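Sharing a structure below in structure tokens format, with a few things to ask.
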């Protein structure tokens, strides 16, 4: 996906339910803007952030209406969802035969279309739109390096459950719209959005994204590193939820300040018997360091591509973290140790993208201006 050069045709996907006599797919900016004005953007719009770990939905006037794990418990025989979101997550490790808990998104991209469609339907249901506004324009976000096919999968999941049209923006752009970077001074900034499945790094100058890259680094990769270390050192297999909690506990200030080991429960890889082991938090942090080193390398690589003046502005304002992993003080400290500029954490970092999508949903011209172009 290019972020430089001349402006090209805006990608806007419209449902053929309301546009049966027009071509589906790419529309020019002026045509789409006129359509939105006629349809009444403010009365029929929604912001949907379908991430690797959570789905967040914002109504432009009512605010957040959904914030749950992006998981679906699917009855394989009947082909329908028996649980979605938090209820589905609570079923992990205790599902009956014929039911599987599925994740719709991996690495920020739709990998299970049916699960994504079910989550999209859940989002539409929670919006509680009136009959007149039941086919909204949906503003959503994807990682900066998503392919057209990956974007299309997300668009189709939303269109099939009632969206009239879908506007797709890069995740860092949405986060900045949500207030992740200081606005108004025109200075440069570098934003690092670290979610469960991917990290998006983007450089902004004069309010626009001028360079970006994406790395397959996030909470899931750290959880896998924790689970692999415990398996290697203690021959105990821990599940994804246990690995996640251990990673979170190991990264807290309390764990860093004490020598108390953390309790890990799992199954012995040889006998299958339940086993409890105690692991030092520092050992788990050490297992995660190679992953975070990859992220610091990516930050430094992006900084090296910046012109001198922009790099100086970033050095003055620092690197801003968003995403769920930004909550970890230890992660911030590790990134700070690996780069030569100040690393800061945005307020409410895990909701910046969703809030930014809500901001864009209230500003049609701005949404059009920053939407991903085909």
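The values are calculated or read from the model by the stated rules, or taken from the named source; none is laboratory data. All of these numbers come straight from a predicted model, not from anything done at the bench. Cβ placement follows ideal geometry from the backbone for every residue including glycine, while neighbour counts extend to all protein chains displayed.
Read through the list (1) modelled with pLDDT under 95; (2) more than 26 Å from residue 237 (Cα to Cα), then give the number of the only condition that residue 95 fails.
(2)
When residues of the range 43-72 are filtered for being closer than 16 Å to residue 241 by Cα and more than 18 Å from the chain's Cα centre (by Cα), how many remain?
0
For residues that are within 17 Å of residue 242 (Cα to Cα) and in contact (Cβ under 8 Å) with a residue 12 or more places away in the chain, scanning just the range 86-102, find the one that is surrounded by the most Cβ atoms within 10 Å (Cβ to Cβ).
Going residue by residue through the range 86-102, those that are within 17 Å of residue 242 (Cα to Cα) are 86, 88-95, 101.
Add one more test, that the residue is in contact (Cβ under 8 Å) with a residue 12 or more places away in the chain, and what stays is 86, 88-89, 91-93, 95, 101.
On the way: 86: 12, 88: 26, 89: 17, 91: 17, 92: 14, 93: 10, 95: 15, 101: 19.
Selected residue: 88.
To keep it simple, each residue is scored yes or no on (1) touching a helix residue (DSSP H, G or I) at 6+ places or on another chain (Cβ under 7 Å); (2) in a helix (DSSP H, G or I); (3) farther than 27 Å from residue 214 by Cα.
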residue	(1), (2), (3)
117	yes, yes, no
120	yes, yes, no
124	no, yes, yes
129	no, no, yes
138	yes, no, no
141	yes, no, no
146	no, no, no
149	no, yes, no
153	yes, yes, no
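Next question. Residues that are assigned by TED's automatic domain parsing to the domain that holds residue 205 and either in contact with a helix residue (DSSP H, G or I) (Cβ under 9 Å, 6 or more places away or on another chain) or surrounded by 19 or more Cβ atoms within 10 Å (Cβ to Cβ) (or both): which helices (runs of 4 or more DSSP H) entirely in the range 252-339 hold 1 or more of them?
281-304, 308-317, 329-338
Looking at (1) surrounded by fewer than 22 Cβ atoms within 10 Å (Cβ to Cβ); (2) at negative phi; (3) at pLDDT 95 or above, which is the only condition residue 235 fails?
(2)
Here are some conditions: (1) within 12 Å of the chain's Cα centre (by Cα); (2) over 30 Å from residue 279 (Cβ atoms); (3) assigned to a strand (DSSP E or B). Residue 175 meets all but one. Which one does it not meet?
That leaves (3) as the condition not met.
Residues of the range 229-245 being in a helix (DSSP H, G or I) and either in contact with a helix residue (DSSP H, G or I) (Cβ under 7 Å, 6 or more places away or on another chain) or under 13 Å from residue 290 (Cα atoms) (or both), which ones?
Scanning the range 229-245 gives 229, 240, 243, 244.
For the range 92-115, what are the residues that are assigned to a loop (DSSP other than H, G, I, E, B) and either within 23 Å of residue 62 (Cα to Cα) or in contact with a strand residue (DSSP E or B) (Cβ under 8 Å, 6 or more places away or on another chain) (or both)?
Hits for the range 92-115 are 92, 95, 98, 104, 108, 111, 112.
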